[in-house]
1. Sort His41, His113 so that the residue with the fewest other Cβ atoms within 10 Å of its own Cβ comes first and the one with the most comes last.
2. Could you calculate the contour length gain from Glu101 to Lys152, that is, 0.36 nm times the residue separation minus the distance between their Cα atoms, to one decimal place in nm?
3. Relative contact order, percent, of the chain when contacts are C-alpha pairs under 8 Å separated by at least 6 residues?
4. Is there a quick way to get the dipole size of the chain? I mean about its Cα centre, with the Cβ of Lys and Arg at +1 and of Asp and Glu at -1; what is the value in debye to the nearest 20?
5. Between Arg18 and Val64, what length comes free when the chain is fully extended (0.36 nm per residue of separation minus the Cα-Cα distance, one decimal in nm)?
6. Just the C-alpha atoms of region 26-157: what Rg/Rh do they give, with Rh taken as the Kirkwood radius?
7. Give me the one-decimal nm value for the distance between modelled label points at Val56 and Val108, 7 Å along each residue's Cα-to-Cβ direction.
8. Which of the listed residues, Ala134, Phe43, Val56, is farthest toward the dipole's positive end in the chain, when Lys, Arg count +1 and Asp, Glu count -1 at the beta-carbon?
Amino acid sequence: MIMGTLTYMATGPPSDRRVKTDVYKADKKTMFDRLMDMTIHTFRYVPEYQEVDKNVKNTTYYGVIAQDIANKFDYMVDKTKKKVGALTTDVIHDFHSIKPELLYGEMVGAMQHMRDMHDAAMKRMIQEAEVTKASFFNILHHLKHKISRLEKRVSATKRRLSPPIMRR
């Protein structure tokens, strides 16, 4: 008899560069667009499935539906035979599962694209603020110049209109 805890780690394809070929930068905008095209749902798992998969709780989850993903991005979904209930007949022959290693790469690319969009928007805002600031200072300088000219004209007008000073 063996006592203890069994743990396992789900692994996808290896990430080590030494086992890869044809490595190119991915189009992050396309990855972003694909993720934005995915519909997020709230859902609960059916009680029969909760009995089979003890990691699944009776709670509300947020996520995608594998069939929806398969309709648009078939390469991201595995279709296998899976037991989904206590009975031996409780089997789905084309059970859809999302390949997390593919979705992970899409999410990283999409997040990088979002950062790039944020950085570009911040740069535009700073440039626009600098233009606005420069315009403001140009207008301020122009107004100060006009005020100075007006003050001189007011002084000259006051001198002209004031009565002469009486001498003793």
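FYI, it's all coordinate maths here, none of it is from the lab. Keep in mind it's a predicted model, so treat the numbers as computed, not measured. Cβ atoms come from the backbone with ideal geometry, glycine included; neighbour counts cover every protein chain shown.
1. The most exposed by this proxy come first: His41, His113.
2. Result: 10.7 nm gained on full extension.
3. Once divided by the residue count of the chain, the mean separation gives 19 percent.
4. That gives the chain a dipole magnitude of about 2780 debye.
5. 13.3 nm
6. 1.48
7. With each label placed 7 Å out from Cα toward Cβ, I get 2.9 nm.
8. Value computed over the given set: Ala134.
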